[in-house]
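Visitor: What follows is a structure written as structure tokens; I'll ask about it next.
The values are calculated or read from the model by the stated rules, or taken from the named source; none is laboratory data. Only a predicted model underlies this, so the values are computations on that prediction, with no experimental measurement involved. A quick note on method: Cβ atoms are made from the backbone with ideal geometry, for glycine too, and the neighbour counts reach across all protein chains shown. Note: accessible area is taken over every heavy atom of the protein model, side chains too, but ligands, DNA and RNA are not part of it. Shrake-Rupley method; radii C 1.70, N 1.55, O 1.52, S 1.80 Å.
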Amino acid sequence: VCGVHQSRPAWWITALSHCGRRPVLCNRSVTDDSAQDGDHLGNEAGMLYGEYLMLDKLLSAQRMLSAESSKPVHDEHLFIITHQAYELWFKQIIFEVDSVRSLLDVEGLDESHTMEILKRLNRVVLILKLLVDQVMILETMTPLDFMDFRHYLRPASGFQSLQFRLLENKLGLKQALRVKYNQNYQTVFGDDPEAMESLHKSEEEPALLALIERWLERTPGLITHGFDFWGKFQAAVNKMIKESIEEAMREPNETVRRHRLQDAENRREIYRSIFDPAVHDALRSRGERRLSHRALQGAIMITFYRDEPRFSQPHQLLTLLMDMDSLITKWRYNHVIMVQRMIGSQQLGTGGSSGYQYLRSTLSDRYKVFLDLFNLSTFLLPRSLIPPLDDGIKKDLKLTWGDHIKENGHNVEENGDTQKNGENQNNGETLKNGEIQKNGETHLNGLEAFTDLTLKETS
């Protein structure tokens with residue numbers, strides 16, 4: 001632009017052209033010029049990119065044993081990079097899981113933390129998706145390529161990944177549920193006191209499964225003198241099975257009639273496994289169930305009423321837990337298939353295991369931490385048979401879970417809180433009609449999370 005117009009913004013030049021005044025234009029773009037302005041800051045302003053990320057250490061950590069033996073194998077570099085990337089992502093997953101555990105490991109879950117829990121678990125899910133897909137990159141290496149450097153790896157093995165064992169423990173995988181060879185995983189860390197201490201700590205601290213179980217046990221609507229979801233659920237199941245039997249008896253074909261009667265009886269036994277606490281506990285002792293009977297009731301209730309605002313985020317949380325379990329199982333499966341392609345199904349692993357055969361044994365349900373959540377679909381009812389929420393429980397669900405409530409006419413008082421004239425007075429705040437009144441202002445209770453609901457039940 002001419003000297004007069006050189007400092008003018010682009011919109012001003014455009015406006016001139018519309019009003020008939022033509023500025024003198026040059027080939028230089030005003031926008032491009034301004035985008036190139038700026039200084040090059042150096043280390044005088046602080047740490048540079050490489051220093052902050054410690055890239056000197058990170059990028060020099062690829063030790064190719066084949067190169068040290070003067071016979072460098074090209075694909076060994078890919079093998080190292082891929083596994084180092086796995087370990088870095090394992091570290092991030094553990095970091096997120098530990099943070100979620102700390103948020104859950106409280107007497108009453110802070111409602112403001114619920115979205116943070118969902119965000120962090122969703123991040124874990126996305127990382128696990130990345131790890132599942134990362135196997136495909138390693139599969140660009142052929143079996144012959146792998147054979148060229150595999151002998152350098154002994155006795156190193158993925159079995160010796162400390163972080164993966166820590167992750168399993170922190171999620172809640174029980175020692176008794178591991179396959180026999182996997183139960184002795186600690187022996188490979190025997191010479192590392194810090195590793196052993198970390199493993200013992202991960203086994204003793206409350207795992208994510210245990211914290212989720214405790215949270216589910218506080219699901220509102222389960223108490224027998226209130227909404228009594230469980231009692232209504234049992235009545236709906238009995239009605240459904242009775243109608244199925246009556247319909248089967250009207251079937252003229254004997255073979256079809258026998259089949260339908262047997263199906264109704266099978267369903268009765270399936271539901272009995274959750275309605276009879278003794279049967280549930282027996283299944284749990286055998287490792288076929290993970291959650292307590294009370295927690296399982298809460299999970300079923302959340303699944304039924306997931307469309308209710310109060311249960312929406314809890315249902316999202318349960319879904320994310322299943323997603324994590326599914327993706328870890330997919331990762332194990334992809335690893336198993338890759339190993340079979342690389343070394344077949346008969347060769348031993350570099351760490352001493354049976355290789356493919358051992359890895360295949362870890363694909364069973366015993367390695368699913370949140371197995372009960374997958375099986376909730378077994379106990380679903382048609383929407384038309386789901387017990388509708390009555391006005392009492394709907395009103396109660398508007399409260400912050402952790403407030404002391406009046407459920408279906410039953411006062412619940414604890415920690416010195418009082419009920420007066422239908423209002424809940426607590427620390428100077430008045431709770432009325434699902435709203436908090438404080439200092440003359442009205443605040444709606446949040447609906448985004450489960451918080452601690454401690455209710456005194458009558459025996």
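Visitor: Which of the peptides 203-211, 46-54 is most tightly packed, and how do the rest follow, going by the mean number of other Cβ atoms within 10 Å of each residue?
Guide: 203-211, 46-54
Visitor: Stretched out fully, how many nm does the piece from GLU107 to LEU41 gain, at 0.36 nm a residue minus the Cα gap? Let's see the in-between values first.
Guide: On the way: separation 66, 0.36 × 66 = 23.76 nm, distance 4.89 nm.
Contour length minus Cα-Cα distance gives 18.9 nm.
Visitor: Can you work out the PRE-style zone for LYS201? Point 7 Å along Cα to Cβ, and I want the residues of region 144-167 with backbone N under 14 Å.
Guide: Inside the label zone: 163, 166-167.
Visitor: Here is a follow-up. Rank these residues by their accessible area, most exposed first, probe 1.4 Å: ARG258, ARG120, ARG214. Could you put the intermediate results ahead of the total?
Guide: Details: ARG258 135, ARG120 55, ARG214 80 Å².
The ranking, largest first, comes out as ARG258, ARG214, ARG120.
Visitor: Structure shown: which of LYS170/LYS232; LYS129/LYS368; LYS201/LYS368 lie over 27 Å apart, alpha-carbon to alpha-carbon?
Guide: Details: LYS170/LYS232 36 Å; LYS129/LYS368 17 Å; LYS201/LYS368 21 Å.
From LYS170/LYS232; LYS129/LYS368; LYS201/LYS368, over 27 Å: LYS170/LYS232.
Visitor: Label points 7 Å out from Cα along the Cβ direction at LYS394 and VAL279: separation in nm?
Guide: Spacing of the two 7 Å Cα→Cβ label points: 3.4 nm.
Visitor: Sticking with this structure for a sec: If each residue of separation counts as 0.36 nm, what is the full-extension length gain between ARG383 and SER312 once their alpha-carbon separation is subtracted? Working shown, then result.
Guide: Working: separation 71, 0.36 × 71 = 25.56 nm, distance 1.66 nm.
This chain segment gains 23.9 nm when fully extended.
Visitor: If you take every residue apart from PRO143 with its C-beta less than 15 Å away from the C-beta of PRO143, what net charge results, scoring Lys and Arg +1 and Asp and Glu -1?
Guide: Working: positive: ARG150, ARG341; negative: ASP75, GLU76, GLU139, ASP145, ASP148.
Surrounding charge for PRO143 is -3.
Visitor: Mind computing the radius of gyration and Dmax over the alpha-carbon atoms of region 201-274? Å is fine for both.
Guide: Considering region 201-274 through its Cα atoms, Rg and Dmax are 19.4, 64 Å.
Visitor: Now for a separate question. For region 185-246 and region 44-61, what is the separation of their C-alpha centers, rounded to whole Å?
Guide: Cα centroid of region 185-246 versus Cα centroid of region 44-61: 44 Å apart.
Visitor: Label-point separation (nm) for THR140 and GLN160, each offset 7 Å from Cα along Cα-to-Cβ?
Guide: 2.8
Visitor: Can you tell me the FRET efficiency between GLU51 and ALA176 if r is taken as the Cβ-Cβ distance and R0 is 45 Å, rounded to the nearest 0.05?
Guide: Numbers: r = 47 Å, r/R0 = 1.05.
So the FRET efficiency works out to roughly 0.45.
Visitor: Around ASN169, with a cut-off of 14 angstrom between Cβ atoms, what is the net charge of the other residues, counting Lys and Arg +1 and Asp and Glu -1?
Guide: Working: positive: ARG101, ARG165, LYS170, LYS174, ARG178, LYS201; negative: ASP98, GLU168, GLU197, GLU203, GLU204, GLU205.
Once positives and negatives cancel, what remains is 0.
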